[in-house]
Amino acid sequence: MQDLDPEVRASAAFALGKVGIDSEDVAFALISALEDPDWSTRGSAAGALGKIGIRLEDTVTVLIQALQDPDLWVRGIVAEVLEKYTRGIGSN
């Protein structure tokens, strides 16, 4: 997630969500990627967090902050992830 090429960073975030590796290290890397200067990396990180599941309490706070992202696509992904999360809470 530290490659100079934003396409590589976005692909790495997407792959982490696709593979579904559920660990704190992965969650922290994806949370950090929400601050990436590249919109596609931020969006891929948000989507990946939604796929691996929100396991850290800080993740919800960071995602709520990401609703202020300057990119409409990123905000949409974040909103979908938060909606999925809140639906999961309501079903318990």
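Do you know which residues across the range 1-37 are over 11 Å from the mean Cα position of the chain (by Cα) and either β-branched (V, I, T) or in a helix (DSSP H, G or I) (or both)?
Hits for the range 1-37 are P6, E7, V8, R9, S11, A12, A15, K18, V19, I21, E24, D25.
If E7 satisfies every condition in (1) surrounded by 15 or more Cβ atoms within 10 Å (Cβ to Cβ); (2) at pLDDT 95 or above but one, which is the exception?
(1)
Yes/no per residue for (1) modelled with pLDDT of 90 or more; (2) surrounded by 13 or more Cβ atoms within 10 Å (Cβ to Cβ); (3) among the basic types (K, R); (4) touching a His at 6+ places or on another chain (Cβ under 9 Å):
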residue	(1), (2), (3), (4)
A15	yes, no, no, no
I21	no, yes, no, no
E24	no, no, no, no
W73	yes, yes, no, no
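Which members of the range 26-49 meet the condition of being over 13 Å from D69 (Cα atoms) and surrounded by fewer than 19 Cβ atoms within 10 Å (Cβ to Cβ)?
F28, A29, S32
Got a number for residues in the range 38-61 being assigned to a helix (DSSP H, G or I), at pLDDT below 95 and either more than 12 Å from V81 (Cβ to Cβ) or not small (G, A, S) (or both)?
Within the range 38-61, residues that are assigned to a helix (DSSP H, G or I), at pLDDT below 95 and either more than 12 Å from V81 (Cβ to Cβ) or not small (G, A, S) (or both) number 8.
May I ask you to list the residues in the range 8-59 that are under 22 Å from G76 (Cβ atoms) and polar (S, T, N, Q)?
Of everything in the range 8-59, those that are under 22 Å from G76 (Cβ atoms) and polar (S, T, N, Q) turn out to be S11, S32, S40, T41, S44, T59.
Take the residues in the range 77-88 that are in contact (Cβ under 8 Å) with a residue 12 or more places away in the chain and not hydroxyl-bearing (S, T, Y), then tell me which one is nearest to E35 (Cα to Cα).
It comes out as V78.
Determine if the range 62-85 includes at least one residue that is among the acidic types (D, E), out of contact with any Gly (no Cβ under 8 Å at 6 or more places or on another chain) and part of a helix (DSSP H, G or I).
Taking every residue of the range 62-85 in turn, at least one turns out to be among the acidic types (D, E), out of contact with any Gly (no Cβ under 8 Å at 6 or more places or on another chain) and part of a helix (DSSP H, G or I).
The values are calculated or read from the model by the stated rules, or taken from the named source; none is laboratory data. Not measured: the values here are computed from a predicted model. So basically every Cβ, Gly included, is an ideal-geometry build from the backbone, and we count neighbours across all protein chains shown.
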